[in-house]
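Visitor: Okay, handing you the structure first.
The values are calculated or read from the model by the stated rules, or taken from the named source; none is laboratory data. Values in this document were obtained by computation on a predicted structure and should not be read as measured data. FYI the Cβ positions are ideal-geometry reconstructions off the backbone, even for glycines, and counts take in every protein chain you see. Each accessible area value is taken on the protein alone, full model and side chains, heavy atoms only, with ligands, DNA and RNA left out. Shrake-Rupley method; radii C 1.70, N 1.55, O 1.52, S 1.80 Å.
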Amino acid sequence: MSKPTLWVTRHLTDPVMERAHRDYHVLQTADDHVMSFSELIAASQEADAMLICHSEHFVGPMISRLSDRLKIVANHSVGVDHCDLNALRSKGISVTNTPDVLSDATAEIAMLLMLGASRRAYEGDNMVRSGIWKDWAPKMMNGFQITGKKLGIIGMGRVGQVVARRAKGFDMEVHYHNRKKLPDTVITSAIYHDSLESLLSTVDVVSLNCPATEENHNLINPETLAQMKAGSILVNTARGALVDEDALIEALNSGHIRAAGLDCFKNEPGGNPKLSELQQVFMLPHIGSATDDTRAAMGFRALDNLDQFFAGKTPQDLLN
Ligand code: DGY
C-alpha cells in the first residue's frame with residue numbers, strides 16, 4: 001500500500017521528521033516559515049493529512065477552500081484556538097492535538113515566569129550584563145517572595161495540575177477556579193473557588209492555565225484586574241488572547257499589579273513593545289513546550305494520531 005501524503009508545515013525535530021519520512025510521503029517548505037492561507041490551501045490539494053503547529057491558522061473562509069483530499073489536521077500543540085473545529089468537521093476534516101506530553105515543560109515555564117517576575121529577573125540580569133551594577137545594598141532589588149504565598153490557578157487542567165504540584169514545592173497554598181471542582185483524587189489540598197472574583201481577590205499570584213476560547217477572550221481586563229489583590233503578580237503560559245494587554249500595562253504602571261511573567265502575547269511573534277518598556281515584566285517568546293524531550297513527544301503524539309487515523313481507528317486525541 002502506498003504511503004499517505006503528509007504536509008508537515010513546520011520543520012519539526014530530527015527524530016520526529018525521521019519517523020514521519022519512514023511512514024509517510026512527506027512534503028515541506030524548503031525554509032521554516034509560517035504558511036499563509038493561500039499556501040495552506042495549495043498544500044491541501046496535494047496532501048491526505050497535514051501536521052501543523054499553532055502558527056498555522058485554519059479559521060474563516062479559507063476552510064471552504066481546502067481540498068476535499070485533506071482528511072486530517074494533526075496539531076503539534078495542545079492549544080487549538082487557531083483551528084475552527086466545527087467548520088473543519090463540516091468539511092470532513094478530523095482534528096487532533098497533543099495533550100499531556102507538554103504539561104511538565106509548560107509548568108516549568110510557569111514556575112520560571114513566577115520566579116522571574118517576583119524576583120525581578122529581567123532587571124537583575126540586565127544590571128549585571130549592562131555593567132550598571134556598581135553597588136550592593138540591603139534595599140537593592142528586593143522582590144516578592146513566593147514561598148508560602150497563595151497561588152491562584154485559572155484552569156485546573158493537565159498543565160494547571162502540574163503547576164499546582166510544583167508550587168507546593170515552594171509551600172504555596174494552591175487555589176483554583178475551574179468550570180467544575182475536581183475530585184480530591186485528581187488534585188489534593190487545593191482550594192476551589194466557584195467564582196473568578198473570589199479567586200482573584202484571595203491570591204497573591206495568578207497563573208493562567210486555561211485554553212483560549214471565545215468566552216474567555218480578555219478574561220484579564222480592567223474589571224478583573226481591579227479584583228486582584230493590590231501588589232499581586234500575573235503569570236500567563238496559556239494564550240495571549242486571555243489578557244487585555246493595555247489594561248495590564250495600566251495596572252502595572254499604577255503598581256496595582258506588581259509584576260507579570262508572560263510567555264504568550266496578543267501579537268505573536270513580536271510581542272508588545274509597550275510591555276517591553278516595563279522593567280517589572282519578565283517575558284519569554286512562547287516557549288512553554290520548548291524542550292528537546294517535549295518537542296519530540298509532541299511530534300510523536302501527532303504522528304500516533306495520524307497512524308491511528310490511517311489504520312482506520314479513531315485517533316486518541318480526536319477533537320471534532
Ligand atoms: C501548545 O501546545 O498549545 C503550545 O502553546 C505550543 O504550541
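Visitor: Do you know which of the residues in the stretch 246-266 that are among the charged types (D, E, K, R) and outside any loop (DSSP other than H, G, I, E, B) is nearest to ARG119 (Cα to Cα)? Reasoning before the result, please.
Guide: Pass one, the stretch 246-266, residues among the charged types (D, E, K, R): 246, 250, 258, 263, 266.
Those left that are additionally outside any loop (DSSP other than H, G, I, E, B): 246, 250, 258.
On the way: ASP246: 23, GLU250: 21, ARG258: 11 Å.
By that ranking, first place goes to ARG258.
Visitor: Another question about this same structure. Could you check, for the stretch 267-274, whether at least one of its residues is in contact (Cβ under 8 Å) with a residue 12 or more places away in the chain and not in a loop (DSSP other than H, G, I, E, B)?
Guide: At the first step, the residues of the stretch 267-274 found to be in contact (Cβ under 8 Å) with a residue 12 or more places away in the chain are 267-269, 271-272, 274.
Applying the additional criterion that residues be not in a loop (DSSP other than H, G, I, E, B) yields 274.
Yes, that holds for at least one residue.
Visitor: Give PHE300, PHE282, PHE309 a once-over and let me know the one that is open to solvent by 20 Å² or more (accessible area, probe 1.4 Å), more than 16 Å from the ligand (Cβ to nearest atom), in a helix (DSSP H, G or I) and not small (Gly, Ala, Ser). Full working, then the answer.
Guide: Numbers: PHE300 fails: more than 16 Å from the ligand (Cβ to nearest atom); PHE282 fails: in a helix (DSSP H, G or I).
Among PHE300, PHE282, PHE309, only PHE309 is open to solvent by 20 Å² or more (accessible area, probe 1.4 Å), more than 16 Å from the ligand (Cβ to nearest atom), in a helix (DSSP H, G or I) and not small (Gly, Ala, Ser).
Visitor: When the stretch 142-164 is examined, which residues are found to be touching a helix residue (DSSP H, G or I) at 6+ places or on another chain (Cβ under 8 Å) and open to solvent by 60 Å² or more (accessible area, probe 1.4 Å)?
Guide: Here is the first cut: in the stretch 142-164, the residues touching a helix residue (DSSP H, G or I) at 6+ places or on another chain (Cβ under 8 Å) are 143-146, 151-154, 156, 158-159, 161-163.
Across the stretch 142-164, the qualifying residues are GLN145, ARG158.
Visitor: Out of the residues in the stretch 24-81 that are acidic (Asp, Glu) and over 20 Å from LYS266 (Cα atoms), which is farthest from the ligand (Cβ to nearest atom)? So that I can check it myself, show each step before the final result.
Guide: As a first pass, look at the stretch 24-81 and keep what is acidic (Asp, Glu): 31-32, 39, 46, 48, 56, 68, 81.
Checking which are over 20 Å from LYS266 (Cα atoms) leaves us with 31-32, 39, 46, 48, 68.
Working: ASP31: 20, ASP32: 15, GLU39: 19, GLU46: 25, ASP48: 23, ASP68: 28 Å.
This residue is ASP68.
Visitor: Also, I was wondering about something else. Checking the structure you have, find out if any residue of the stretch 233-245 is assigned to a loop (DSSP other than H, G, I, E, B), within 12 Å of the ligand (Cβ to nearest atom) and in contact with a helix residue (DSSP H, G or I) (Cβ under 7 Å, 6 or more places away or on another chain). Give the derivation first.
Guide: Step one: of the stretch 233-245, the residues assigned to a loop (DSSP other than H, G, I, E, B) are 237-239, 244.
Checking the rest, the ones that are also within 12 Å of the ligand (Cβ to nearest atom) come to 237-239.
Still in the running and in contact with a helix residue (DSSP H, G or I) (Cβ under 7 Å, 6 or more places away or on another chain): 237.
Checked against the condition, which is being assigned to a loop (DSSP other than H, G, I, E, B), within 12 Å of the ligand (Cβ to nearest atom) and in contact with a helix residue (DSSP H, G or I) (Cβ under 7 Å, 6 or more places away or on another chain), the stretch 233-245 yields at least one hit.
Visitor: Would a scan of the stretch 108-116 turn up a residue that is within 16 Å of the ligand (Cβ to nearest atom), more than 30 Å from PRO315 (Cα to Cα) and in the same structural domain as VAL174 (by TED's automatic domain parsing)? Give the steps one after another, and end with the answer.
Guide: Taking the stretch 108-116 and keeping what is within 16 Å of the ligand (Cβ to nearest atom), we get 108-110, 112-113.
Keeping just the survivors that are more than 30 Å from PRO315 (Cα to Cα) gives 112-113.
Checking the rest, the ones that are also in the same structural domain as VAL174 (by TED's automatic domain parsing) come to 112-113.
Yes, the stretch 108-116 has at least one match.
Visitor: Which of the helices (runs of 4 or more DSSP H) contained wholly in the stretch 55-159 include at least 2 residues that are among the basic types (Lys, Arg)?
Guide: On the way: elements: 85-90, 103-118, 121-130.
Per the criteria, no element qualifies.
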